[in-house]
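The values are calculated or read from the model by the stated rules, or taken from the named source; none is laboratory data. As the structure is a prediction and not an experimental result, all values here were calculated from the model. Note that we place each Cβ from the backbone using ideal geometry, even for glycine, and neighbour counts take in every protein chain shown.
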Amino acid sequence: MPAVKSLDDLKRIKAESLEKRQIKASAGQAQVTVAMGTCGIAAGARDTMKAILETIEADQLSGIVVTQTGCIGQCEHEPIVQVTLGEQPKVTYGKVTPERARQILKEHVVGGQVVKNLVVPA
Amino acid sequence: MTVAVKNGKDAMQVVRTAVVHHGATRDELIPILTDINHELGYIPHEAVDEVSRLIGMPKSQLYSVASFYDMLSLKPRGRHVIKFCENAPCHVVGGRQVWQALHDALHVKPGETTPDGRFTLLTTSCIGVCAVGPVVVIDDDVHGNVEPEQVAEILARYE
Amino acid sequence: MKYFRSHVLVCIDPECLSKGAHEVEDALQDELVAQGLIDEVQVLETSRIGGCSNGPELMVYPEGIHYVGLTADDVPYLVEEHFLKGRPVKKFMEQITVVTDEELGPPKPKEVRVVLRNCGQIDPNNIEDYIAEDGYAALAKVLGEMTPQATIDEVTRSGLRGRGGAGFPAARKWQLCRNVPDSPKYLTCNADEGDPGAFMNRRVLEGDPHSVLEGMIIAAYAIGASYGYVYCRAEYPLAVKTLNIAIQQARDFGLLGENIMGSGFSFDLEVRMGAGAFVCGEETALIASIEGKRGEPKPRPPFPAVKGVWGKPTNNNNVETYANVPQIILRGADWFASMGTEKSKGTKTFAIGGDVSNAGLIEVPIGMTIREVVFDVGGGIKDGKEFKAVQIGGPMGGCLTAEHLDLPIDYESLTKAGAMMGSGGLVVMDDETCMVDIARFFMEFTQDESCGKCTPCRVGTKRMLEILERICGGEGQDGDIERLELLSAQIMKTSLCGLGQGAPQPVISTLKHFRHEYEAHIYEKRCPAKVCRPLIHYTILDNCTGCMVCARNCPVEAISGQRRSVHVIDPNVCIKCGICMQVCNFNAVEVTS
């Protein structure tokens, strides 16, 4: 890991990090982010995450990056999953049970169709 | 001499590990006691004696600190510790009914352990997940949006 | 009339039917006959139990256990385990999920995210993500281009006030500490967010820990501190874990530790966990706890800025205060001061909880009105009920009512109205809340958390709690209100720390705005909100169809009646749990006071 010795070092890391994101976006990769703050976990986010990972493995889906993040703030709608396909705007889904996670993966991530009735206004 | 402990762990070994890990100084007392409490389920008297000896602190002061903090217990606890959030935000969204359901299921008062040693029922202060209240914490699992009808199912998951 | 010990409801909605509900039902009947249980367990058909996406579904009463995804093959095992041996079968049970509510709240257009800008946007366990959002650029600017005094001056100009509750100007604290000719100096971060209903700090710690670390390093540079502690409550294990990962990554990148960014400035820190004591959120108690002692507050002066950890100068600030610092440095004091009111600059995070539609976290410029926060951002009251009150400032804050809805939320306005900003927890209450019960609730909390050092707090809160419990229990006496007022005044005047000084505040504010509720409890033995159990009665109305569901579910068998005739609740046996009202499908159970 590089030691940051100056502002230039920081700028370099920032540029590299942003570039990585750009590559992911233009390669058409899908990013699926699960909010795993304590409130998300209390609402069942771990099961949601598990369902997502299991579905990806079982259906042999590729090109999907699954990450986690902290609390998004809309705790009433936990568990929350955000999907970003390529360069399209991020879509935030609420109350994502394991069953709905599978639906979102199949219809949005693979099929390209946003599951409108599960979306939370960003 | 082994003490009646959770998971059959050797209390003295747990104490020594904790003291070595944090350092044998007074200011590390709370982290040390927290580790012991976590490993053994509570802090046995023998553990207090040993910590006192290793750090060089009078036992009375150790008891003074251990008895002050809510999350440290000097009494044995059940195999599973239930912590129910009893604060206003959870109360206002239906916490009272969930509390009643817990009582009905366990038949013990807060602070007590069920006769079969399975559950200890405690109240806890706010865990900070109020938007998904009512909240019940069992061991390290945080259960949110709990309804009275779900209490039996949730409890059944813990042996 | 046959009495069954158990009822099994089988969902026969089209969706469940299409998944084989009838096969399951037939298998169930067969198996019950085979096991000789058909006279004890009744199988009934019903419509929608759960989501039906998990069908076929069963509901077993009286336990209320919900089985999903069953096949006919599962049935023999289920019958043997559950009905013969009395062991509910975990693997067939529904996973606990959030009860669905398709109605989504309105967007939150008035949020301005400064402290929360990265939360939910980045991976908190990846420092590079933080750097990509200009993380640590403020630190680079401070170390490379600014002197410690210039740093303090910039924060002074921004008008940043401590976000922990008291609202003391942050930079003034830093200056005081800087001016003390003693060393070494320490920094502490108060992450002991204990106010029930407040979880803003948790969100920042779990979602953007580096913003707090960066703020702390900048503050340490400004003051001349060499070591720091983040005192985080043990009830936040994920926050502690995330912080520790962040600290290690910052060290690996040379942003913490010796010679940070080659500037010659060295600073390191560690996380200290609390152990379940609300009072440790008070800064002198926090310091005592770091030192391994009982968390008992000390008189001030001397202030921690002069004599803190180990008797050395210590600057203590809240998580949110530190999290604001990097942005103030990067975007300038003028930018920060352009938000908020004249005396309260910047933004504030709030946690809205209780009976609102959109419970959660928001960050808004200081000065937004309560109405805007509760209705525009919070989505108004859930289930179409009426707004009754909002508690602001935690257990030492006060209740405000509908007449205060247009009050701006800033430090001065709230204090004048008898509440306080506190750490930012708002608990919204609807018209089914009993305000005496709420006051009792908060008093129970503060009584439990009192450290015991000061007699007025230790004993006084206990006496107040006893009186409140009597009132809620239907045994209120003439003179109780006066006693509460007298005790409140005494405790507030003579307690050493903020806990005692603020403990009577919920009682005082509810007495001010809801005195009539107290009087109804005491003189009429009536609870207007129909909450306090000893003062309420459950009765069954004439539209009861005699379906007997309530009688079966009553845990104390207080309900009697024949099938198809109106049932009756025996008030001497009834424990007022409310289960009958919940299970009645005909709204035939009423609660009165």
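Look through the range C:162-173, keep the residues that are more than 15 Å from C:ILE329 (Cα to Cα) and outside any loop (DSSP other than H, G, I, E, B), and return whichever of them is nearest to the chain's Cα centre (by Cα). Quick ask: steps written out before the conclusion?
To start, the set of residues in the range C:162-173 that are more than 15 Å from C:ILE329 (Cα to Cα) comprises C:162-169, C:172-173.
Now narrow it down to the ones that are outside any loop (DSSP other than H, G, I, E, B): C:169, C:172-173.
Values: C:PRO169: 26, C:ARG172: 31, C:LYS173: 29 Å.
The residue in question is C:PRO169.
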Set C:VAL204, C:VAL180: member being within 20 Å of the chain's Cα centre (by Cα) and of a type in the set (Val, Ile, Thr): C:VAL204
When you go through C:ASP437, C:ASP448 one by one, which is the residue that is modelled with pLDDT of 90 or more, of a type outside the set (A, V, I, L, M, F, W, C) and under 27 Å from B:VAL129 (Cβ atoms)? C:ASP437
Output for Cβ contacts, cut-off 8 Å, separation at least six or different chains, first residue facing chain A (nearest Cβ under 7 Å) and without any contact (Cβ under 8 Å) to a residue 12 or more places away in the chain in the range B:133-145, second surrounded by fewer than 24 Cβ atoms within 10 Å (Cβ to Cβ) and assigned to a loop (DSSP other than H, G, I, E, B), reads B:HIS143/C:ILE96
Subset of the range C:254-300, residues touching a residue at least 40 places away in the same chain (Cβ under 8 Å) and in a strand (DSSP E or B), comes to C:PHE267, C:ASP268, C:LEU269, C:GLU270, C:VAL271, C:ARG272, C:MET273
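With the structure loaded, tell me whether C:THR321 is of a type in the set (Ser, Thr, Tyr) and either under 22 Å from C:PRO181 (Cα atoms) or away from chain B (no Cβ under 14 Å) (or both) or whether it fails that test. If you could, list the steps in order and put the result at the bottom.
On the way: of a type in the set (Ser, Thr, Tyr): yes; either under 22 Å from C:PRO181 (Cα atoms) or away from chain B (no Cβ under 14 Å) (or both): yes.
Yes.
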Condition set in contact (Cβ under 8 Å) with a residue 24 or more places away in the chain and more than 7 Å from chain A (Cβ to nearest Cβ), scope the range C:135-145, selection surrounded by the fewest Cβ atoms within 10 Å (Cβ to Cβ): answer is C:LYS141
C:SER593 meets each of (1) buried (at least 17 other Cβ atoms within 10 Å of the Cβ); (2) within 14 Å of chain B (Cβ to nearest Cβ); (3) touching a Cys at 6+ places or on another chain (Cβ under 9 Å) with one exception, condition (2)
Of all residues being touching a Gly at 6+ places or on another chain (Cβ under 9 Å) and surrounded by fewer than 19 Cβ atoms within 10 Å (Cβ to Cβ) in the range C:166-177, which is nearest to C:SER266 (Cα to Cα)? Just the residue, please. C:PRO169
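Given the criterion within 14 Å of chain B (Cβ to nearest Cβ), among the small types (Gly, Ala, Ser) and either surrounded by fewer than 19 Cβ atoms within 10 Å (Cβ to Cβ) or in contact with an Asp or Glu (Cβ under 9 Å, 6 or more places away or on another chain) (or both), identify the matching residue among C:GLY295, C:GLY257, C:GLY228. Give the derivation first.
On the way: C:GLY257 fails: within 14 Å of chain B (Cβ to nearest Cβ); C:GLY228 fails: within 14 Å of chain B (Cβ to nearest Cβ).
One residue alone meets the criteria, C:GLY295.
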B:VAL93, sole failed condition from (1) part of a loop (DSSP other than H, G, I, E, B); (2) within 14 Å of chain A (Cβ to nearest Cβ); (3) not polar (S, T, N, Q): (1)
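Filter the range B:50-66 down to the residues that are surrounded by fewer than 15 Cβ atoms within 10 Å (Cβ to Cβ) and either part of a helix (DSSP H, G or I) or at negative phi (or both) and list them by number.
Filtering the range B:50-66 down to residues surrounded by fewer than 15 Cβ atoms within 10 Å (Cβ to Cβ) leaves B:53, B:56, B:58-60, B:64.
Those that are surrounded by fewer than 15 Cβ atoms within 10 Å (Cβ to Cβ) and either part of a helix (DSSP H, G or I) or at negative phi (or both): B:ARG53, B:PRO58, B:LYS59, B:SER60, B:SER64.
The rows are residues; the columns are (1) of a type in the set (A, V, I, L, M); (2) in contact (Cβ under 8 Å) with a residue 24 or more places away in the chain; (3) assigned by TED's automatic domain parsing to the domain that holds B:VAL108.
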{"residue": "B:GLN13", "(1), (2), (3)": "no, no, no"}
{"residue": "B:VAL20", "(1), (2), (3)": "yes, no, no"}
{"residue": "B:GLY23", "(1), (2), (3)": "no, no, no"}
{"residue": "B:ASP27", "(1), (2), (3)": "no, no, no"}
{"residue": "B:HIS38", "(1), (2), (3)": "no, no, no"}
{"residue": "B:GLU50", "(1), (2), (3)": "no, yes, no"}
{"residue": "B:ILE55", "(1), (2), (3)": "yes, yes, no"}
{"residue": "B:SER73", "(1), (2), (3)": "no, yes, no"}
{"residue": "B:GLU86", "(1), (2), (3)": "no, yes, yes"}
Which of the following residues is over 30 Å from A:GLN68 (Cβ atoms), within 14 Å of another protein chain (Cβ to nearest Cβ) and buried (at least 18 other Cβ atoms within 10 Å of the Cβ): C:TYR130, C:TYR186? C:TYR186
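Filter the range C:485-517 down to the residues that are within 16 Å of C:CYS434 (Cβ to Cβ), surrounded by 14 or more Cβ atoms within 10 Å (Cβ to Cβ) and over 23 Å from the mean Cα position of the chain (by Cα) and list them by number. Steps first, please.
Kept after step one, since they are within 16 Å of C:CYS434 (Cβ to Cβ), are these residues of the range C:485-517: C:506-507, C:509-511, C:513-517.
From what is left, the residues that are surrounded by 14 or more Cβ atoms within 10 Å (Cβ to Cβ) are C:506-507, C:509-511, C:513-514, C:517.
If the condition is that a residue be within 16 Å of C:CYS434 (Cβ to Cβ), surrounded by 14 or more Cβ atoms within 10 Å (Cβ to Cβ) and over 23 Å from the mean Cα position of the chain (by Cα), then C:LEU511, C:HIS513, C:PHE514, C:GLU517 are the ones that fit.
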Log entry, pairs with first residue in the range C:532-546 being in a strand (DSSP E or B), second being crowded, with 22+ Cβ neighbours inside 10 Å, beta carbons closer than 6 Å, six or more apart or on different chains, reads C:ILE540/C:HIS567
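Hey, among C:GLY561, C:GLY546, C:GLY479, which residue is of a type in the set (Gly, Ala, Ser), out of contact with any strand residue (DSSP E or B) (no Cβ under 9 Å at 6 or more places or on another chain) and at pLDDT below 90?
It is C:GLY546.
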Among (1) within 28 Å of C:VAL428 (Cβ to Cβ); (2) in contact with a Lys or Arg (Cβ under 6 Å, 6 or more places away or on another chain); (3) away from chain A (no Cβ under 14 Å), where does B:THR120 come up short? (1)
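Give the residue, chosen from C:GLU206, C:GLU235, C:GLU258, that is closer than 30 Å to C:PHE350 by Cβ and out of contact with any helix residue (DSSP H, G or I) (no Cβ under 6 Å at 6 or more places or on another chain).
Values: C:GLU206 fails: out of contact with any helix residue (DSSP H, G or I) (no Cβ under 6 Å at 6 or more places or on another chain); C:GLU258 fails: closer than 30 Å to C:PHE350 by Cβ.
The unique qualifying residue is C:GLU235.
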Hey, could you check the range C:552-564 for residues that are without any contact (Cβ under 8 Å) to a residue 24 or more places away in the chain and touching a helix residue (DSSP H, G or I) at 6+ places or on another chain (Cβ under 9 Å) and say which is farthest from B:ASP104 (Cα to Cα)? C:GLY561
If C:THR455 meets every condition in (1) away from every other protein chain (no Cβ under 14 Å); (2) among the polar types (S, T, N, Q); (3) surrounded by 19 or more Cβ atoms within 10 Å (Cβ to Cβ) apart from one, which number is that one? (3)
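Limited to the range C:310-339, what total is found for residues that are within 24 Å of C:ASP195 (Cα to Cα) and either in a helix (DSSP H, G or I) or not assigned by TED's automatic domain parsing to the domain that holds C:PRO169 (or both)? Spell out the reasoning first.
Start the filter on the range C:310-339 by keeping residues that are within 24 Å of C:ASP195 (Cα to Cα), which leaves C:314-325.
Now narrow it down to the ones that are either in a helix (DSSP H, G or I) or not assigned by TED's automatic domain parsing to the domain that holds C:PRO169 (or both): C:319-325.
The qualifying residues number 7.
Among the residues of the range A:38-72, count how many are more than 14 Å from chain C (Cβ to nearest Cβ), of a type outside the set (S, T, N, Q) and either surrounded by 15 or more Cβ atoms within 10 Å (Cβ to Cβ) or under 18 Å from A:HIS108 (Cβ atoms) (or both).
Step one: filter the range A:38-72 for residues more than 14 Å from chain C (Cβ to nearest Cβ), giving A:52-53, A:55-64.
If we keep only those that are of a type outside the set (S, T, N, Q) as well, we get A:52-53, A:56-59, A:61, A:63-64.
Still in the list and also either surrounded by 15 or more Cβ atoms within 10 Å (Cβ to Cβ) or under 18 Å from A:HIS108 (Cβ atoms) (or both): A:52-53, A:56, A:58-59, A:61, A:63-64.
The total comes to 8.
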If we keep only residues of the range C:239-252 that are surrounded by fewer than 22 Cβ atoms within 10 Å (Cβ to Cβ) and of a type in the set (A, V, I, L, M, F, W, C), then the residue farthest from the other protein chains (Cβ to nearest Cβ) is C:ILE247
